[in-house]
Each structure stands twice: as C-alpha cells, then as structure tokens.
C-alpha cells in the first residue's frame, strides 16, 4: 500500500527513460547479436536477475559509500550529470569518450561483459544514485525493475531484432535517446547546482 501511495507515473516514466537511455539498449543490440554469432552464450533470464541485483545493491549501498567519503547526494548528482552528459555526447556524435572491452573468448558472457559493464556500467550506476535526489525511491525501484526487464527482452529477442530491425533504425533510436539523455543531464545539473547554492547561502 505504501508503494502505491508513493507511486507517480511522471516520476516513474522520467526515471525509466533516463535509465533506459543510458543503458543504451539500441546501441547494445548489435553487440549482443555479434557475440551470439560467435557462439558465446548469453542467458536472458540470468541477465535480468544480475541487472536487478546490481542496480538494487548500488542504489541502497551507494549513499553509504558516499557518506564514507564525506560527500552528499547533490554533489554526487552534479558529478553524475557530467558523466551522463558525456555519454549522451557519445551517442549523438558517435565519438568514444569511454572505452570498455566487450571481448569474451568463449563460454558464458552473461554477467561479464554483457550485464557489467555493457548494459549496467559505471554511467548507469552513477545515474541511478544521481536521480535519487530527484525522484521518490519507490518510483526509481519500479524504473529499475522495468529497465532490468528491458535488458532481459533485448537478449531474449535479439534474433528477432536481427531479422526485423535495420542498422539504420537502430542508429536512429540511439540518436533519439542520446538527445533525451542530454536534456536530462542538463536538468539534473541545474537542479542540483541550484540546491547546493541555496544550501550554502542558507
């Protein structure tokens, strides 16, 4: 009942869109297909549970980690907004700011490198903690669940995507979510900088 009373469709959709964009589902589909074509096994079911567990653990333990270093959520959110900004620039301009190896010689690649760091990388974890200063925890948790489902569906339906989605369509989707992510990063930065200034002034 408490979860329902705290639910906000606007907050849920906003948090989900941010996580979905930075998880870069459209951009990762070709990588997943390429790995599967090489005979590398990727479990859709375990990818869901790994993603969900990783996001929940960081969501609840991340703030304690910040306190250990004497940081506050607003300062971290500002730093996170800059990371999100750089990732959005990558998606829009097709440049490489961050480089992460996705090579895996053989066997099972579900957790490493597919779930982490391909889908749930440093940018996603940083963003997750950053948006906690903007949205209710219940709505973020629902967004985390929905994002984990998207990771599952991406792997489960990868063969379908290969057959029916062209490279051009995937490219357009990546650009679209890159622009959304850019706008979100600007909003996140301005909101938390304003809060910090007000706290200092008070």
*Restricting attention to region 27-44, does a residue exist that is within 23 Å of residue 139 (Cα to Cα), surrounded by fewer than 19 Cβ atoms within 10 Å (Cβ to Cβ) and touching a residue at least 24 places away in the same chain (Cβ under 8 Å)?*
no
Open item on the list: Being part of a helix (DSSP H, G or I) and closer than 23 Å to residue 13 by Cβ: is that true of residue 179 here?
Closed with: yes
Residues of region 135-158 being in a loop (DSSP other than H, G, I, E, B) and either touching a residue at least 60 places away in the same chain (Cβ under 8 Å) or on the phi > 0 side of the Ramachandran plot (or both), in sequence order, are 135, 136
Residue pairs qualifying under the 6 Å Cβ cut-off, at least six apart or on distinct chains, with the first in region 49-73 being over 13 Å from residue 141 (Cβ atoms) and the second being assigned to a helix (DSSP H, G or I) and modelled with pLDDT of 90 or more, are 50/111; 50/115; 51/115; 51/148; 51/151
- With respect to residue 95, determine if the residue is at pLDDT below 85, part of a loop (DSSP other than H, G, I, E, B) and either closer than 12 Å to residue 22 by Cβ or in contact with a helix residue (DSSP H, G or I) (Cβ under 9 Å, 6 or more places away or on another chain) (or both). yes
Condition set within 16 Å of residue 18 (Cβ to Cβ) and surrounded by fewer than 17 Cβ atoms within 10 Å (Cβ to Cβ), scope region 72-84, selection modelled with the highest pLDDT: answer is 82
Every listed condition ((1) in contact with a helix residue (DSSP H, G or I) (Cβ under 7 Å, 6 or more places away or on another chain); (2) at pLDDT below 80; (3) part of a helix (DSSP H, G or I)) holds for residue 117 save (1)
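The values are calculated or read from the model by the stated rules, or taken from the named source; none is laboratory data. Being a predicted model, the structure only gives us computed values, none of them experimental. Glycine gets a Cβ as well: all are built from the backbone with ideal geometry, and neighbour counts include every protein chain shown.
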